[in-house]
Amino acid sequence: MRFLGNIEAKMDAKGRAFLPAVFRKILQAGSEERLVLRKDVFQPCLVLYPESVWNEQMDALRQRLNRWNKQHQQVFRQFVSEVEVLTLDGNGRFLVPKRYLRMADIEQDVKFVGMGDTIEIWSNAKAEQCQMNPEDFGKALEELMDEDVSMENSLT
């Protein structure tokens, strides 16, 4: 599954949104019926995980954590307990609970951002604030790609 691009949309007064058709088609092609919603760990946005992707993330996290370590248990508990399981209605809409809208400072205008195997939901205003300027983005990408080349060269 690869969600790409960004699409502006509006939430209705009840907190419902239409999942963009391009993203719905990807979910349908992957036979995904349920989504898991949680607040992003680092950014002021919400993240929609197809259920299979969520399960993979949970399994990967659980494997890195020790059940007998108090802090590890707290991290795992917080990660998995702050979620909402969603299904799309017949029109492709889903309801975002009000507490999640508050967490991400979302009112009406939103932006859906495809992030590969997940979809982020941003307040339009916050989405613009969290983007790097083009010069910084180019420099960061250049540095990241240069690190990969340096690592590959050291392996050969």
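The values are calculated or read from the model by the stated rules, or taken from the named source; none is laboratory data. Here the structure is a predicted model, which is why all the values come from computation and not from measurement. When we count neighbours, we look across all protein chains shown, and the Cβ atoms used for this are built from the backbone with ideal geometry, even at glycine. Areas reflect the complete protein model, heavy atoms only, side chains present, ligands, DNA and RNA absent. Shrake-Rupley method; radii C 1.70, N 1.55, O 1.52, S 1.80 Å.
Summary of computed values
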read-out: Lys pairs under 25 Å by Cα in the chain, provided they are eight or more residues apart or on distinct chains; value: 20
read-out: Listed residues Val80, Val53, Ala127: farthest to the positive end of the dipole of the chain (Cβ charges); value: Val80
read-out: Percent carbon-and-sulfur accessible area, the chain, ignoring ligands, DNA and RNA, probe 1.4 Å; value: 50
read-out: Cα gyration tensor, segment 72-131 - rounded (a/c under 1.5), prolate or oblate; value: oblate
read-out: Karplus 3J(HN,Hα) series, Hz, for segment 65-78 with 6.51 cos²θ - 1.76 cosθ + 1.60 (x for Gly, Pro); value: 10, 8, 4, 9, 10, 4, 5, 4, 5, 5, 4, 4, 4, 5
read-out: Hull shadow area, averaged, the chain [alpha-carbon convex hull, nm²]; value: 11.9
read-out: Neighbourhood charge, 14 Å Cβ-Cβ cut-off, centred on Asn124 and excluding it, Lys, Arg +1 and Asp, Glu -1; value: -3
